[in-house]
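Comments concern the structure below.
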Amino acid sequence: QSLKAYEAKMKQDPQNPQHMLGVMKSLEGLGDYPRLLDMYRMAVRRGNRKVLAAASPSGARAAWLMQMWDDLKLATDHMPQEGYNLTIAQFYKAVLAAHNDN
């Protein structure tokens, strides 16, 4: 239900980043990683730094689970380098290094 509500809000006001983040969180909760990754890519194209910082951990998880390594690198590059997100970013960077045999 929350996904439908956020999607409806996003259609009404597509420039509101909170609606996009709501859709992404709903998709993550449902395990719909292909659509989540598509939404993350849309966020990247829009280029809003605050949205990217908030969306990157979800985008990274979707990319990792789908083995989309370029998207995983992109998501880790956009993650805030502080606090809990720094730990998540370091984890995904280690995953990328292992994938690349570094």
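Restricted to the stretch 1-73, the set of helices (runs of 4 or more DSSP H) holding at least 3 residues that are over 24 Å from L86 (Cβ atoms) and open to solvent by less than 70 Å² (accessible area, probe 1.4 Å) comprises 2-12, 17-30.
Considering the conditions (1) open to solvent by 40 Å² or more (accessible area, probe 1.4 Å); (2) assigned to a helix (DSSP H, G or I), Q81 is excluded by exactly one of them, (2).
Sort out which residues of the stretch 28-80 are at negative phi and small (G, A, S), and write them in order of number. Reasoning before the result, please.
Residues of the stretch 28-80 at negative phi: 28-30, 32-46, 48-66, 68-80.
Those that are at negative phi and small (G, A, S): G29, A43, A53, A54, A55, S56, S58, G59, A60, A62, A63, A75.
When E82 is tested against the conditions (1) at pLDDT 90 or above; (2) within 29 Å of A98 (Cβ to Cβ); (3) of a type in the set (D, E, K, R), the lone failure is (1).
The residue that is nearest to M24 (Cα to Cα), among those in the stretch 72-95 that are among the hydrophobic types (A, V, I, L, M, F, W, C) and under 16 Å from the mean Cα position of the chain (by Cα), is A75.
The values are calculated or read from the model by the stated rules, or taken from the named source; none is laboratory data. Keep in mind it's a predicted model, so treat the numbers as computed, not measured. Here the Cβ is made from the backbone with ideal geometry for all residues, glycine too, and neighbour counts use every protein chain on show. What goes into the accessible areas is simple: the full protein's heavy atoms, side chains included, and nothing from ligands, DNA or RNA. Shrake-Rupley method; radii C 1.70, N 1.55, O 1.52, S 1.80 Å.
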